[in-house]
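Read-outs throughout are calculated quantities, based only on the coordinates presented, and are distinct from any laboratory measurement. This is a predicted model, so every value here is computed, not measured. Cβ coordinates were reconstructed from backbone atoms using ideal geometry, including for glycine residues, and neighbour counts include every protein chain displayed.
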Amino acid sequence: MNQSIALPFLVVLLAGCSSMSNSTGSKSSMSSFSQTSLPAAVQVPAGNKVTMETVGVGEITYQCREKQGAAGTYEWTFVGPKAALNSRAGSRVGSYYGPPATWESMDGSKLTGTQVAVAPAEAGSIPYQLVKANPAMGQGAMNGVTYIQRVATRGGVAPAMPCSATTAGRNEVVKYQADYVFWSGM
């Protein structure tokens, strides 16, 4: 192979290797997730490291309900998510569902968490989110997780169709995708 072809080929080969995930969804040690382009509100505090990156693909259910404290006014209210968590390579590594918001690994370990912050994403997408993880249940991939970030969101916002007394109680399911990045203390 001549040198003018070999160098670009090597760069592409190394770039491909740096984004490979293992079967648990963890990134290889050649690369790590960077949160520098994220809003400060959803950045994970120093002293934590990425332990797993997943792509959540699923749906969010909303229900048309009367607004609390505003009789006669209706809105689409978040009911809950249901998504497959996949590794960067595309294999299923777990699921995300709720309420309460629960991330579960295929190994049976799971955790819930408390929302710390949200930040706007692009129009038509659910916001970025930072969640403080509760201690994991069961042994496995979720043990030691301290934070979960929801980033790279696409879709998932409440329906644009009208919500009124005539549609009260109606459920609508909206498709979405988001990256869920799991962090643990160093």
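For region 60-115, please list each of the strands (runs of 3 or more DSSP E) lying entirely inside it that holds at least 3 residues being in contact (Cβ under 8 Å) with a residue 60 or more places away in the chain and within 14 Å of residue 173 (Cβ to Cβ).
74-86
Output the residues belonging to region 103-114 that are under 17 Å from residue 176 (Cβ atoms) and out of contact with any Phe, Trp or Tyr (no Cβ under 7 Å at 6 or more places or on another chain).
Residues satisfying the conditions do not exist here.
Going by the structure shown, is residue 140 within 16 Å of residue 94 (Cβ to Cβ), in contact (Cβ under 8 Å) with a residue 12 or more places away in the chain, assigned to a loop (DSSP other than H, G, I, E, B) and not hydrophobic (A, V, I, L, M, F, W, C)?
Answer is yes for this residue.
State the number of residues belonging to region 143-162 that are more than 23 Å from residue 47 (Cα to Cα) and either β-branched (Val, Ile, Thr) or not in a strand (DSSP E or B) (or both).
7
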